[in-house]
Ligand code: GTP
Ligand code: SPV
Ligand code: MN
C-alpha cells in the first residue's frame with residue numbers, strides 16, 4: 001500500500017481537498033506508489049520511460065510509443081455522460097444515471113493499479129489568469145507514465161495550479177486507470193471499457209485505454225465534455241471542438257481572429273498551422289492559437305466575444321503531414337522538441353520514423369523498419385500492403401514548438417473573435433465558402449454540419465453523418481439546450497461574429513478535389529474578412545453569401561474555370577434534398593429553440609423560391 005501522506009508532503013501538495021481525493025483513489029485502485037508530477041519532471045520521466053521500454057528513442061529529444069493494437073482511437077460507443085438528472089439525456093451524449101455508473105467504474109478500478117505507480121497530475125486548462133480559470137483546474141490520477149508525459153505536453157502541469165485555487169474544492173477529479181488491455185473484450189458484448197464523465201459532479205472516470213482522448217483527461221474529457229457542461233450550467237461560456245487562428249494583414253496592420261469546427265480528422269490542425277500561399281505571403285501572416293478546442297465567452301466590460309485555446313499542446317494526426325500539406329507541423333516535431341510519436345512506423349536501428357504521406361513512397365530500404373504494431377516490414381507476406389502507420393497515428397508536441405504560434409497564445413485575455421466557421425468533408429453541394437450574417441441562421445448552420453460517411457456501408461448516398469458544431473462525440477447535455485445556450489452567449493455580444501461554412505473537399509466526377517486546399521484555404525478566409533469590413537459584398541444566395549470570382553484573390557491558384565464555377569455555385573436541387581434530411585435530423589432534438597426552426601424554414605422557403 002502506498003504511503004500517500006508522505007508522497008503528498010514531499011511534493012508540497014497542500015490543498016486538503018486534493019489530498020483527500022488522492023487518498024480515496026489510491027486506496028481504491030491499490031496503487032503501490034504515489035508520485036506527484038510537475039512539468040519539470042519531464043526529463044526524468046522520459047529517462048525512466050526509455051529505460052522501461054515504454055518509450056523508444058526517435059532522435060534527439062524525440063520519443064516513440066505504441067499503444068495496444070486494439071486501443072488506437074477514441075471509442076464513441078464506450079463514452080458516457082452521467083449525471084443525477086435524467087433530463088440531461090440528449091441524442092448524442094449517451095446519458096446514464098451517475099448512481100449506476102459510479103459504482104460500476106469503482107468496481108472496475110478497484111485494485112486495478114496494484115503493483116503500479118499512481119501519478120498525480122495537477123493541471124490547468126487555460127492560460128493562468130483567464131476569466132474562465134475557475135473552470136480549468138483539474139487533477140488527473142493515472143497509472144501510466146506515458147500518459148503523464150502526454151499530459152505535460154498537452155496541459156499546463158504543476159502543483160501551483162491546485163495549491164492556490166480561489167476555491168480549493170473547485171477542481172475536476174479525473175481518474176484514469178489503464179486496466180488489463182489484453183483482456184477487456186474490445187468490441188464484444190462484454191466490452192469492459194468505460195469512459196465516463198460524471199458531469200454534475202465534475203468527476204471523470206476512464207477505464208480501459210491508454211490512448212489519446214481516452215486517457216489524457218485534461219484534453220477531451222475535461223476540456224470539451226466537462227467544460228461544455230460547466231459552460232452551460234454556469235451560463236457563462238461555450239466549449240467547442242474548434243481550431244483558433246489569427247490573420248494579420250501586414251499592409252494595414254489589422255489582425256483578425258477566426259475560430260471554427262470541423263469534425264475529427266477534417267483539417268483543423270492543417271488550417272490553424274497554415275502558411276499564407278506564396279503569392280500572398282508578403283502581405284498576410286497566420287498565427288496559430290489552437291487546433292482542437294476553443295472556449296468562448298463574452299467579456300462583461302467591453303461586451304465583445306472572446307476565445308482561447310485551453311490546451312498547451314497539439315495532438316495531431318500524423319498521416320499526410322508533409323512539406324506541402326503542413327510544413328509548420330513538421331517544424332514543430334524536430335529534434336529537441338520533446339515530441340512523442342504514437343503508432344507510426346519505426347526503425348529501431350536508426351530511430352527514424354515514417355507515416356503514410358510523410359514522403360510519397362515509404363523508405364526504399366526496409367531493413368530494420370517495423371510497422372505500428374512492431375511487425376517487421378521485411379517479413380510481410382507477399383501482397384500485404386496494409387499501412388505502415390495506423391491511420392489515426394499522432395504526434396504530440398507543445399504549443400511553443402509550433403513555429404507560427406501566436407505571440408499572445410498564453411494571454412489570459414483571450415482574443416476577440418471576428419468569425420466562426422464550420423466545415424466538413426462534403427464531396428458535393430457545399431460551396432467553397434458561404435457567409436451567414438444572422439445569428440440564428442449561423443447556429444442552425446452549425447447544428448446541421450455534417451461530413452460524408454467514410455465507408456460506403458456506413459452511409460446512404462448523399463446523406464451526411466451529422467456532427468453538430470463538430471461536437472457529436474463530445475456533446476454533454478441535450479442538443480436543444482445546447483442550441484439555446486449558443487443563442488444566449490453569442491447573442492450577448494455587442495458585436496456579433498460573422499458565421500461561415502467552408503468546404504475544401506468538393507470533388508469532380510473522377511474523384512479529384514476541385515479546390516487545391518491547404519495553404520490556399522487562406523483565400524476564402526481573407527474574402528470573409530473583407531466581407532466583414534464591407535470591402536466586398538459577394539452574391540446573396542438562399543444559403544448565404546458566396547464570393548464572386550472577381551472578389552476572391554486567386555493569384556497563383558491552380559484551378560480550372562469549370563471547377564471554380566462549381567465551387568462557387570449553389571446546386572438548388574441537391575440543397576432541397578439536404579433540407580429534407582435536415583428536417584429529420586433536427587426533429588430528433590427536443591426543445592430546439594423556435595429561432596432555429598424559423599431559420600430552417602426560411603432557408604427552405606428561399607431555396608424553393610430560387611429553384
Ligand atoms: P482531430 O485532431 O482528429 O480533431 O482532427 P483535425 O480536424 O485537426 O484534423 P487534421 O487537421 O489532422 O486533418 C487531417 C486530414 O485532413 C488529412 O487527411 C489531410 O490531408 C486532410 N486535409 C486537411 N486540409 C485539407 C485540404 O485543404 N484539402 C484536402 N483535400 N484535404 C485536407
Ligand atoms: C479527436 O479525435 O477529435 C482528437 C483526438 O482530437 S483525441 O484526443 O484522441 O480525441
Ligand atoms: Mn479533435
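Things worth noting here:
- Pairing each residue of the range 383-410 that is within 21 Å of residue 155 (Cβ to Cβ) and free of Cβ contacts under 8 Å to residues at least 12 places away in the same chain with any residue that is away from ligand 3 (no atom under 16 Å from the Cβ) and not in a loop (DSSP other than H, G, I, E, B), provided the two are 6+ apart or on different chains, yields C-beta distances under 8 Å for 408/415.
Let's see how each residue does on (1) surrounded by fewer than 24 Cβ atoms within 10 Å (Cβ to Cβ); (2) in contact with a helix residue (DSSP H, G or I) (Cβ under 8 Å, 6 or more places away or on another chain); (3) farther than 17 Å from residue 399 by Cα; (4) modelled with pLDDT of 95 or more:
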| residue | (1), (2), (3), (4) |
| --- | --- |
| 234 | yes, yes, yes, yes |
| 244 | no, yes, no, yes |
| 257 | yes, no, yes, yes |
| 281 | yes, no, yes, no |
| 287 | yes, no, no, yes |
| 304 | yes, no, yes, yes |
| 315 | yes, yes, no, yes |
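- Taken over the range 569-611, the criterion of being over 24 Å from residue 477 (Cβ atoms) and touching a strand residue (DSSP E or B) at 6+ places or on another chain (Cβ under 6 Å) is satisfied by 570 alone.
- Residue within the range 490-502 that is within 30 Å of residue 591 (Cβ to Cβ) and within 13 Å of ligand 1 (Cβ to nearest atom) present: yes
- The test for being under 30 Å from residue 155 (Cβ atoms), more than 16 Å from ligand 2 (Cβ to nearest atom) and either within 18 Å of the chain's Cα centre (by Cα) or not in a loop (DSSP other than H, G, I, E, B) (or both) does not hold for residue 374.
- Of all residues in the range 159-211 being at pLDDT 95 or above and on the phi > 0 side of the Ramachandran plot, the one that is nearest to ligand 2 (Cβ to nearest atom): 208
The values are calculated or read from the model by the stated rules, or taken from the named source; none is laboratory data. Keep in mind that what you see is a predicted model, and the values were worked out from it rather than measured. Because the Cβ atoms are built from the backbone with ideal geometry, glycine has one as well, and the counts that use them run over all protein chains shown.
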